[in-house]
Amino acid sequence: MVDVSQHKLVPEHTVLDDPDRVDEVLAEYNVSKTNLPKIKTSDPALPEEAEVGDVIEIVRDSRTTDQAIVYRLVVE
């Protein structure tokens, strides 16, 4: 089986496991966890250690800013 998460076109997905870092992100955007865009546990790009309720940091290449960082909440 092919590991989709290792494909060169799939951006880096990282679980934010530090509660302080999650709080910083939520404060920066002035949102609660439930207001974040969602990502399903069945998404093949999701790290194996990700669980429902985790916040995922996704780092994408961007033409205008080199990198764009977005956050997603893991749901079932």
**Prompt:** How many residues, within region 54-76, are in contact with a strand residue (DSSP E or B) (Cβ under 8 Å, 6 or more places away or on another chain) and exposed (fewer than 10 other Cβ atoms within 10 Å of the Cβ)?
**Reply:** 1
**Request:** For region 8-18, enumerate the residues that are open to solvent by 100 Å² or more (accessible area, probe 1.4 Å), closer than 14 Å to ILE58 by Cβ and out of contact with any strand residue (DSSP E or B) (no Cβ under 8 Å at 6 or more places or on another chain).
**Result:** LEU9
**Message:** For the structure I just gave you, tell me whether ASP17 is modelled with pLDDT under 95, within 24 Å of VAL2 (Cα to Cα) and charged (D, E, K, R).
**Reply:** no
**Complete:** Considering region 19-43, residues that are under 21 Å from ALA68 (Cβ atoms) and part of a loop (DSSP other than H, G, I, E, B), and then whichever is most open to solvent (accessible area, probe 1.4 Å), we arrive at ASN30
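The values are calculated or read from the model by the stated rules, or taken from the named source; none is laboratory data. Not measured: the values here are computed from a predicted model. Neighbour counts are summed over all protein chains in view; Cβ atoms, including those assigned to glycine, are modelled from backbone coordinates with ideal geometry. Keep in mind that these areas ignore ligands, DNA and RNA; they rest on the heavy atoms of the full protein, side chains included. Shrake-Rupley method; radii C 1.70, N 1.55, O 1.52, S 1.80 Å.
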